[in-house]
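Working notes for the structure below.
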């Protein structure tokens, strides 16, 4: 199942409200604990859901998102090279041992 708001929302409707909407949907569906995947903005919502309502989250998968803190968290150049396969001694698998 996917959760998509579809229509534009009120500007004041933030991450916490979106997480409450997701929790209300899960509650109404009676799913119990769910595997939750959040991409981009959905990653922020998924994290808030996991923090505010951990009883609904069995597994949390985050894609192309961040922790929402101040400033970006940069990946060390050595790790970035290793994950992209640029390092001459890159191990098997894109990020093995990173």
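Among residues of segment 37-52 being over 8 Å from the mean Cα position of the chain (by Cα) and surrounded by 17 or more Cβ atoms within 10 Å (Cβ to Cβ), the one that is farthest from residue 15 (Cα to Cα) is 50. Each residue in segment 1-34 was checked for being loosely packed, with under 10 Cβ neighbours inside 10 Å and at pLDDT 90 or above, and 2 of them qualify. In segment 37-56, the residues that are assigned by TED's automatic domain parsing to the domain that holds residue 26 and free of Cβ contacts under 8 Å to residues at least 24 places away in the same chain form Cβ pairs under 7 Å with partners that are assigned to a loop (DSSP other than H, G, I, E, B) and surrounded by 13 or more Cβ atoms within 10 Å (Cβ to Cβ), at six or more places apart or across chains, as follows: 43/65.
The values are calculated or read from the model by the stated rules, or taken from the named source; none is laboratory data. Remember, it's a predicted structure, so these values are computed and weren't measured experimentally. Note that each Cβ is placed from the backbone with ideal geometry, even for glycine, and that neighbours are counted across all protein chains shown.
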